[in-house]
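Trainee: Can you read through this structure? Questions will come right after.
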Amino acid sequence: MRSLQKWMAVFVVIVVFTMLMTGCGKKEESAADRGGSPGETYKACFITDGNLGNDFVDLIWKGFQNLEQEGWEIKCIEATDNSEFADDIRSMASEGYQVIMTWEDNVSQAALNLADEIYKNYPNTHMFLLDTYVDHDKPNCTSVSVDPFESSFVAGFVASKMTQTKTIGWIGHTDVLKIRRFRDGYIAGAAYGDPEVEVVYSFTGDYLDPTK
């Protein structure tokens, strides 16, 4: 499970920054299109409700550091209080950050709630909602999610071929959509590998405590 999460985070970073670099490949033209001036500084901010030192957060931040090597100005905000999210997003937009990336559902929801306001006041700012499953019609927001079903399917298939008891287990942290997709892929893979294998699963209810 932990290795699957790492690969998921790596893939999210690759997808997002490929989108960024493709969209900003011609810097002078992009600046003109956005009403800016050639040679302006590109700024990207990462707002997360997790702390640096977490595998996911560190992998995403590493992508930002790669942008810094390309001349971007970057910033990481570790916002652990829900009441801070909206103010952080407004602050970064007002400081000219053309790219704001949010990680986890709570921060991303705050970004969606502010999308119309940000678009009106800061039309040059675009917000990427990382690892968030949500449908929306906001022109200044892009949801970036990687479906874990396929990778978990492989894990379930392998487990079904290795078990000697015809019973295998799966443990997730919280019962939310993206984690249920891990579970469902694992169960489907196990059933494909051996329909007689039983999958026992549970949620700990706490994504911060892997020991639990």
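The values are calculated or read from the model by the stated rules, or taken from the named source; none is laboratory data. Treat the numbers as computed from the prediction; the structure is a model and nothing was measured. All Cβ positions, glycine included, derive from the backbone under ideal geometry; neighbour counts span all protein chains shown. Surface areas here come from the heavy atoms of the whole protein model, side chains and all, with no ligands, DNA or RNA. Shrake-Rupley method; radii C 1.70, N 1.55, O 1.52, S 1.80 Å.
Trainee: Can you find, within the stretch 172-205, the residue that is farthest from V134 (Cα to Cα) among those that are at pLDDT 95 or above and of a type in the set (V, I, T)?
Mentor: V197
Trainee: Can you tell me which condition M21 does not meet? The list is (1) modelled with pLDDT of 50 or more; (2) over 29 Å from V158 (Cβ atoms); (3) in a helix (DSSP H, G or I), and all the others hold.
Mentor: Evaluating M21 over (1) modelled with pLDDT of 50 or more; (2) over 29 Å from V158 (Cβ atoms); (3) in a helix (DSSP H, G or I) leaves (1) as the failure.
Trainee: Scan the stretch 166-193 residue by residue and report those that are more than 27 Å from D209 (Cα to Cα) and out of contact with any Asp or Glu (no Cβ under 9 Å at 6 or more places or on another chain). Give the steps one after another, and end with the answer.
Mentor: Pass one, the stretch 166-193, residues more than 27 Å from D209 (Cα to Cα): 166, 191-193.
Once the filter is applied, which keeps residues that are more than 27 Å from D209 (Cα to Cα) and out of contact with any Asp or Glu (no Cβ under 9 Å at 6 or more places or on another chain), the stretch 166-193 yields A191, Y192, G193.
Trainee: Do we have any residue at all in the stretch 146-153 that's within 25 Å of Y207 (Cα to Cα), touching a strand residue (DSSP E or B) at 6+ places or on another chain (Cβ under 7 Å) and among the hydrophobic types (A, V, I, L, M, F, W, C)? Before the answer, list the steps.
Mentor: Taking the stretch 146-153 as the starting set, the residues that turn out to be within 25 Å of Y207 (Cα to Cα) are 146-153.
If we keep only those that are touching a strand residue (DSSP E or B) at 6+ places or on another chain (Cβ under 7 Å) too, we end up with none.
There is no residue in the stretch 146-153 that is within 25 Å of Y207 (Cα to Cα), touching a strand residue (DSSP E or B) at 6+ places or on another chain (Cβ under 7 Å) and among the hydrophobic types (A, V, I, L, M, F, W, C).
Trainee: Any residue that is part of a strand (DSSP E or B) and surrounded by fewer than 21 Cβ atoms within 10 Å (Cβ to Cβ) - is there at least one of those in the stretch 93-113? Don't jump to the end; show me each part of the working.
Mentor: First pass over the stretch 93-113, keeping only residues part of a strand (DSSP E or B): 99-103.
Next, from what is left, pick out any that are surrounded by fewer than 21 Cβ atoms within 10 Å (Cβ to Cβ): none.
Within the stretch 93-113 (the criterion being part of a strand (DSSP E or B) and surrounded by fewer than 21 Cβ atoms within 10 Å (Cβ to Cβ)), the answer is no, since none of the residues qualifies.
Trainee: Considering only the stretch 83-101, how many residues are of a type in the set (D, E) and either touching a residue at least 40 places away in the same chain (Cβ under 8 Å) or within 20 Å of D209 (Cα to Cα) (or both)?
Mentor: Filtering the stretch 83-101 down to residues of a type in the set (D, E) leaves 84, 87-88, 95.
Now narrow it down to the ones that are either touching a residue at least 40 places away in the same chain (Cβ under 8 Å) or within 20 Å of D209 (Cα to Cα) (or both): 88, 95.
Final tally of qualifying residues: 2.
Trainee: Within the stretch 197-212, restricting attention to residues that are over 30 Å from G53 (Cα atoms) and part of a strand (DSSP E or B), which residue is least open to solvent (accessible area, probe 1.4 Å)?
Mentor: Of the residues in the stretch 197-212, the ones over 30 Å from G53 (Cα atoms) are 197-200.
Okay, now just the ones that are also part of a strand (DSSP E or B), so 198-200.
Values: E198: 104, V199: 30, V200: 77 Å².
Across the stretch 197-212, the extreme among qualifying residues is V199.
Trainee: Just for the stretch 128-150: of the residues that are among the hydroxyl-bearing types (S, T, Y) and open to solvent by 50 Å² or more (accessible area, probe 1.4 Å), which one is modelled with the lowest pLDDT?
Mentor: Quick first cut of the stretch 128-150, residues among the hydroxyl-bearing types (S, T, Y) only: 132-133, 142-143, 145.
Now restrict to residues that are open to solvent by 50 Å² or more (accessible area, probe 1.4 Å): 133, 145.
Working: Y133: 76, S145: 81.
Applying the filter and picking the extreme gives Y133.
Trainee: Where residues in the stretch 151-162 are among the polar types (S, T, N, Q) and under 22 Å from the mean Cα position of the chain (by Cα), which of them is least open to solvent (accessible area, probe 1.4 Å)? If you could, list the steps in order and put the result at the bottom.
Mentor: Kept after step one, since they are among the polar types (S, T, N, Q), are these residues of the stretch 151-162: 151-152, 160.
Okay, now just the ones that are also under 22 Å from the mean Cα position of the chain (by Cα), so 151-152.
Numbers: S151: 47, S152: 3 Å².
Result: S152.
Trainee: When you go through (1) open to solvent by 30 Å² or more (accessible area, probe 1.4 Å); (2) charged (D, E, K, R); (3) in contact (Cβ under 8 Å) with a residue 24 or more places away in the chain one by one for D194, which number turns out not to apply?
Mentor: (1)
Trainee: Write out, first by first residue and then by second, each pair whose Cβ atoms fall under 7 Å of each other, whose residues are 6+ apart or on separate chains, and whose first residue, in the stretch 60-73, is farther than 12 Å from K43 by Cα while the second is among the aromatic types (F, W, Y) and open to solvent by less than 10 Å² (accessible area, probe 1.4 Å).
Mentor: So the pair list comes out as I60/F46; W61/F46.
Trainee: Have a look at T174, T80, T165, T125 and point out the one that is free of Cβ contacts under 8 Å to residues at least 40 places away in the same chain, more than 30 Å from A190 (Cβ to Cβ) and surrounded by fewer than 14 Cβ atoms within 10 Å (Cβ to Cβ). Spell out the reasoning first.
Mentor: Numbers: T174 fails: more than 30 Å from A190 (Cβ to Cβ); T165 fails: more than 30 Å from A190 (Cβ to Cβ); T125 fails: surrounded by fewer than 14 Cβ atoms within 10 Å (Cβ to Cβ).
Criteria check complete, one pass: T80.
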